[in-house]
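Structure first, commentary second.
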Amino acid sequence: MASIALFHSALGVRPGITDAAGRLRAAGHDVLVVDQYGGRVFDDYAAAGAHVDEVGFPALMASALDAVRDLPDGFVAAGFSNGAGMAEYVATQRRCAGALLFSGALPVAVLGADAWPAGVPVQLHYGERDPHRSPEWVDGFLADVRRSGSPVEFVEHPVAGHLFTDPSLPAEHDAAATEELWRRALAFCARSTG
């Protein structure tokens, strides 16, 4: 069983996050859903992005780290999109068993880190045609992890949605890709925590 800190996307704690937490809990894991918005939820990426800009990435990173202060070392940091950045940051600041990232990746220098921590495995999922995907950022992050010698698995799903696991986003949701993502993600959590 793993302890998992789960960070939401810029849209907030939507059904995709509660579904993710439910799947992880059903597999026997202890899940902390970190709500950085205090219950606020967005339906629009532009409005959500404006909120992130208003709060500021440094403030969100600080609150992400504060949110996991009571978790013992060895948890898995997980996150969707903007929350993947939060999970990455936490993994550079705390001793984590792994990082599980969905539709989000940043070169670690963007987060103020010098390097990815050695020995922290990563599984990164993206839609092949995700309109929010930055190939440069993905490549930079994967290079950072590989430089550290940590294992990394990059899974590309044949979908166009950004948050394709979220059933409340019908224009993006893909049921088959969601099931494949969770098959791999649950296996990663089991491996990362022994």
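Values in this text are rule-based calculations from the coordinates and carry no lab data. Small disclaimer: the values here were computed from a predicted structure and weren't measured. Reconstructed Cβ throughout: ideal geometry from the backbone, glycine too, with neighbour counts over all protein chains shown.
The C-beta contact set for the stretch 109-131 (first residue among the aliphatic types (A, V, I, L, M), second residue part of a loop (DSSP other than H, G, I, E, B), distance under 7 angstrom, 6+ apart or interchain) comprises A118/G149; A118/S150; V120/S150; V122/S150; L124/A105. Quick one: is H29 touching a Ser or Thr at 6+ places or on another chain (Cβ under 8 Å) and not basic (K, R)? Criteria met by H29.
Among the candidates V138, V76, which residue alone is in contact with a strand residue (DSSP E or B) (Cβ under 9 Å, 6 or more places away or on another chain), more than 23 Å from D19 (Cα to Cα) and among the β-branched types (V, I, T)? Quick ask: steps written out before the conclusion?
Details: V76 fails: more than 23 Å from D19 (Cα to Cα).
One residue alone meets the criteria, V138.
Quick check on this structure: which one of A109, A113 is assigned to a helix (DSSP H, G or I) and surrounded by fewer than 18 Cβ atoms within 10 Å (Cβ to Cβ)? Please lay out each step first, then the result.
Details: A113 fails: assigned to a helix (DSSP H, G or I).
The match here is A109.
If you filter the stretch 119-152 down to residues that are among the hydroxyl-bearing types (S, T, Y) and in a loop (DSSP other than H, G, I, E, B), you find that the one that is surrounded by the most Cβ atoms within 10 Å (Cβ to Cβ) is S150.
Across the stretch 1-34, the qualifying residues are those that are among the charged types (D, E, K, R) and surrounded by 16 or more Cβ atoms within 10 Å (Cβ to Cβ), and the one among them that is nearest to G74 (Cα to Cα) is R23. Taking the criterion of being within 20 Å of A5 (Cα to Cα), in a helix (DSSP H, G or I) and in contact (Cβ under 8 Å) with a residue 24 or more places away in the chain, the residues of the stretch 153-189 that qualify are L181, W182, R184, A185, L186, F188, C189.
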